[in-house]
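Working notes for the structure below.
Quick note: the coordinates plus some simple rules give every number you see, no bench work behind them. It should be emphasised that the depicted structure is a prediction, and the values quoted were computed from it without experimental measurement. Backbone-built Cβ (ideal geometry, glycine too); neighbour counts: all protein chains shown.
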Amino acid sequence: MASSLTTIPAPRCCASVWNPRRKGEIWASTDDGLVHVMRNDGAQWKNVTPKAMPELAYVGCLEISPHDAHTVYLAATRYKLADYQPCLKGWRQELGVDRW
């Protein structure tokens, strides 16, 4: 029996990292270019995707700086679109201002 429903692929979590120096802070990324951070033990996630993130980027790596708890690095690629150029960004939070 054939199904008449169309399947829409959902984004998948590709990377997650817990900040060992900031209690309750977890970062997560997806295979469609989104980056989120949670800083309140799971109560709310915040979308912090860089404005310049290419469409459909696979964000496969998130890392907390070993030298600075306020800095997070990400690596992404658009391999799904046959674009293998890396996208590397550094995230810095200073006095409540989040920026890439």
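Couple of notes before you dig in:
- Length added when fully stretched, Ala43-Leu56, from 0.36 nm per residue minus Cα-Cα: 2.0 nm
- Dipole in debye (nearest 20) - the stretch 20-61, about Cα centre, beta carbon charges: Lys, Arg +1; Asp, Glu -1: 360 debye
- Segment Lys23-Leu88, extension gain: residue separation times 0.36 nm, minus the distance between their alpha carbons: 20.8 nm
- Within-10-Å neighbourhood charge of Glu25 [Cβ basis; K, R +1; D, E -1]: +3
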